[in-house]
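Trainee: The structure is given below, and queries will be raised subsequently.
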Amino acid sequence: MFLVNRRRFLAMALSLPALASAAVTAPSQTGPTDLVETMLSRAHVPRHSDELWVLIDDKEATLSVFRGNALVERFVPISLGRAGAKTQRVRGDNVTPMGEFRVNRFNYESQWRTFIGIDYPTPAHARMALEKGIYSQTDYDDYFDYYRRYGHPPQNTALGGAIGIHGLGSADPDIHGRYHWTQGCVAVTNEQIDRLASLVGVGTRVVIR
């Protein structure tokens, strides 16, 4: 079995060397570092010219699919968590987590028509939770032990889970058009989730800012 220690795992998961270095150092004396905000400052840059990726913009209430820098499709309006979008989320607070994610699963039998799951909470969210006292050191260690064992983040910690993009199912389209109504996911119409599911796949990068 190939094993990596937590320091190296975090560095690989964050992927950007400068951010990885910041993530594995001790917390700053001036206060916790918002690693997610730091990552978002570069997340809008395509990884390569042909990358298909998704940008979800909280302020504009839009979901845009790009191929490199070229817009492929834009869905508007979308609904986010009832408590808005923030870089730090905890279980039950109805916040949509900001950050840089990857699609890691599809559920075509969801009550919301189709559910496209993302890999929240990421190692950056876990590190921030440790620095802010949301995670204990044991929680933090358990997070990485689970991630290494199963290949995806745990969904039942203090940071919550089951975050993704989904349709309306039988929900009221009128409410969807006027309010942010979810418990933290990103909602689009049934027609839009069908179209999005035809464009993206497991591994597609998703930026929520």
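The values are calculated or read from the model by the stated rules, or taken from the named source; none is laboratory data. None of the values given here were measured: they were computed from a predicted structure. When we count neighbours, we look across all protein chains shown, and the Cβ atoms used for this are built from the backbone with ideal geometry, even at glycine. Protein only, heavy atoms only, side chains kept; ligands, DNA and RNA dropped before computing areas. Shrake-Rupley method; radii C 1.70, N 1.55, O 1.52, S 1.80 Å.
Trainee: Given R₀ = 30 Å, FRET efficiency for ASP172-TYR108 by Cβ-Cβ distance, to 0.05?
Mentor: That gives a FRET efficiency of 0.85.
Trainee: Follow-up question, since we're still on this one. Let me check I have the definition right: for the chain, take the eigenvalues of the Cα gyration tensor, multiply each by 5, take square roots. What are those semi-axes in whole Å, largest first?
Mentor: 28, 19, 17
Trainee: As a test of the formula, what do you get for the chain when each DSSP H run with n ≥ 4 contributes -39,500 (n - 2.57) and the sum is divided by the residue count, at 222 nm and rounded to the nearest 500 deg cm²/dmol?
Mentor: Rounded to the nearest 500, the figure is -9000 deg cm²/dmol.
Trainee: Take the solvent-accessible surface of the protein heavy atoms, probe 1.4 Å, and return the percent of it on the chain that carbon and sulfur atoms account for.
Mentor: It is 50 percent, rounded to a whole number.
Trainee: A further question follows. Can you list the HN-Hα couplings for the stretch 198-209, worked out from phi with the Karplus curve (6.51, -1.76, 1.60; θ = phi - 60°), rounded to whole Hz and with x for Gly and Pro?
Mentor: Couplings: 7, 9, 9, x, 4, x, 4, 7, 10, 10, 10, 9 Hz.
Trainee: What residues qualify as long-range amide H neighbours of GLY184, i.e. H under 5 Å apart, gap of 5 or more or another chain, H built at 1.01 Å from N?
Mentor: Residues meeting the amide H criterion: GLY81, ARG82.
Trainee: Moving on to the next point. Taking amide hydrogens as modeled 1.01 Å from N in the peptide plane, which residues meet the under 5 Å criterion relative to SER110, leaving out close sequence neighbours?
Mentor: So SER110 has HN proximity to PHE115.
Trainee: As a test, work out the antiparallel percent of DSSP beta bridges whose residues both lie in the chain, rounded to the nearest 5.
Mentor: Within the chain, antiparallel bridges account for around 75 percent of the total.
Trainee: Related question: Over the Cα atoms, compute the radius of gyration (one decimal) and Dmax (the largest Cα-Cα distance, rounded to a whole number) for the stretch 70-141, in Å.
Mentor: Spelled out, the Cα radius of gyration and Dmax of the stretch 70-141 are 14.8, 44 Å.
Trainee: Which whole-Hz ³J(HN,Hα) couplings does the stretch 179-184 yield from phi under the Karplus relation 6.51 cos²θ - 1.76 cosθ + 1.60, θ = phi - 60°, glycine and proline marked x?
Mentor: Ordered by residue, 3J(HN,Hα) equals 9, 7, 10, 7, 8, x Hz.
Trainee: For THR62 and ARG148, calculate 0.36 nm times their separation in residues minus their Cα-Cα distance, and state this gained length in nm to one decimal.
Mentor: Between THR62 and ARG148, full extension yields 27.6 nm more.
Trainee: Under a 5 Å amide H to amide H cut-off, with H placed in plane at 1.01 Å, what residues pair with VAL72 once short-range neighbours are removed?
Mentor: When sequence neighbours closer than 5 places are left aside, the close amide H contacts are VAL65, PHE66, ARG67.
Trainee: Kindly rank 92-99, 105-112, 44-51 from highest to lowest mean number of other beta carbons found within 10 Å of each residue.
Mentor: 92-99, 105-112, 44-51
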